[in-house]
1. Please go through (1) at pLDDT 90 or above; (2) within 16 Å of residue 56 (Cα to Cα) for residue 83 and return the number of the only condition it doesn't satisfy.
2. Quick one: is residue 74 in contact (Cβ under 8 Å) with a residue 24 or more places away in the chain, surrounded by fewer than 24 Cβ atoms within 10 Å (Cβ to Cβ) and over 19 Å from residue 158 (Cα atoms)?
3. Restricting to segment 425-483, give me the number of residues that are part of a loop (DSSP other than H, G, I, E, B), over 24 Å from residue 411 (Cα atoms) and at pLDDT 90 or above.
4. Within segment 186-193, is even one residue surrounded by fewer than 21 Cβ atoms within 10 Å (Cβ to Cβ) and touching a residue at least 24 places away in the same chain (Cβ under 8 Å)?
5. Hey, among 230, 245, 253, which residue is part of a loop (DSSP other than H, G, I, E, B), surrounded by 15 or more Cβ atoms within 10 Å (Cβ to Cβ) and out of contact with any strand residue (DSSP E or B) (no Cβ under 9 Å at 6 or more places or on another chain)?
6. Before we move on, is residue 117 more than 30 Å from residue 270 (Cβ to Cβ), surrounded by fewer than 24 Cβ atoms within 10 Å (Cβ to Cβ) and either in the same structural domain as residue 152 (by TED's automatic domain parsing) or at pLDDT below 90 (or both)?
7. In contact with a helix residue (DSSP H, G or I) (Cβ under 9 Å, 6 or more places away or on another chain), modelled with pLDDT of 95 or more and in a helix (DSSP H, G or I): is that true of residue 268 in this structure?
């Protein structure tokens, strides 16, 4: 599973403490040290002084889960708190996509356990590796990613001093549930759960199971409600958006067309889709991206390797040529489209020739964003039994890949130098103000200290900018006079 990064910020109209989050693209380790933190005070019956702290890690779907957990608890009588230090019960929404990520999760579980408060471990990790979680805290209650509708029950049981395990698959879809948004202008709408792939390295399938697409009508009701509530970005998220609808006689194109018919001033960011599902709907999908202003010109298609031999061992279902054809087709119609991909370095048996094919593929396709990860064996997956590549070799290859990615990213961002247009402000910190343009490129418009005091920025506001410089990671723009 891949990640897309978003740094959220404090809104004057909200009191949530928001720190760096991870989503778009894959290098989650950079962001996982800064969790999404939500706190809740319970105020019902004989537990009215009980306070719940929620801490969240991982991808956009995990972020969405934490929002719904908070919303469900509030609906059942809980109130929001902003500090973990006065909590009487802790919830941690976990991620287990990589070995390094898991280590961070286990460390936090250990730290939260030392507080003496009841602990609920939610998210992917307890579903994928329950034994490991219980080896640290055998008394911790467990809540799976497909069981969040039971969160109030699990919290109440934990407060009463008993352990509750809710890891089974719920019949409730994770759409149109109450939520407390981490970022008030971003609506994260899960369009389904699970996937159809059998990737040999991925533990997410163990956590989320087979594909379960949600009905278009239910998704549209969620989108419409969130847009009316002030959201300016709608993230369509799932384990793999590419296979959406295959279990219910629909597809992603039909969903996007319906979403674009929702009234309001908002943009749609389409989440990760694996390359193998794109060809059968490529023409329709490209038309939707090219012809509808509500669709952000952003495409996340993880290739993982440029070597067909390695892709076969990974059981990815596509080859390098298919990935290149998809990129070329989208770039032919939308040259400025932002393309993100993921690469795993050091997959078992990867040779120098295999790695060079990855570098060659990236050179030919020029993706704007490459989220690279060093291979790590995950318990329960097919590749766990294979011998890995020497760590020093992996380190050298990762460094070589990063140098190429930096060169490509700078070259792609340079194409925007001098561009003038609107951006939507999606991040305000004490140090800078940032927005996104129609291709989801981050544009830093100013440091907050240098802003004219008369300029009042609000999350979700639209401002006109001109790009005057760029770096590997972002564009820099100056504010233009507003009409």
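1. (1)
2. For residue 74, the condition - in contact (Cβ under 8 Å) with a residue 24 or more places away in the chain, surrounded by fewer than 24 Cβ atoms within 10 Å (Cβ to Cβ) and over 19 Å from residue 158 (Cα atoms) - is not met.
3. Residues flagged as part of a loop (DSSP other than H, G, I, E, B), over 24 Å from residue 411 (Cα atoms) and at pLDDT 90 or above within segment 425-483 amount to 3.
4. No; the residues of segment 186-193 include none that is surrounded by fewer than 21 Cβ atoms within 10 Å (Cβ to Cβ) and touching a residue at least 24 places away in the same chain (Cβ under 8 Å).
5. That would be 230, the only listed residue that is part of a loop (DSSP other than H, G, I, E, B), surrounded by 15 or more Cβ atoms within 10 Å (Cβ to Cβ) and out of contact with any strand residue (DSSP E or B) (no Cβ under 9 Å at 6 or more places or on another chain).
6. Working: more than 30 Å from residue 270 (Cβ to Cβ): yes; surrounded by fewer than 24 Cβ atoms within 10 Å (Cβ to Cβ): yes; either in the same structural domain as residue 152 (by TED's automatic domain parsing) or at pLDDT below 90 (or both): yes.
Answer is yes for this residue.
7. No; evaluated as a whole, the condition is false for this residue.
Table: residues versus (1) modelled with pLDDT of 95 or more; (2) touching a helix residue (DSSP H, G or I) at 6+ places or on another chain (Cβ under 7 Å); (3) farther than 30 Å from residue 384 by Cβ.
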| site | (1), (2), (3) |
| --- | --- |
| 333 | yes, yes, yes |
| 336 | yes, no, yes |
| 339 | yes, yes, yes |
| 351 | yes, no, no |
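The values are calculated or read from the model by the stated rules, or taken from the named source; none is laboratory data. Here the structure is a predicted model, which is why all the values come from computation and not from measurement. FYI the Cβ positions are ideal-geometry reconstructions off the backbone, even for glycines, and counts take in every protein chain you see.
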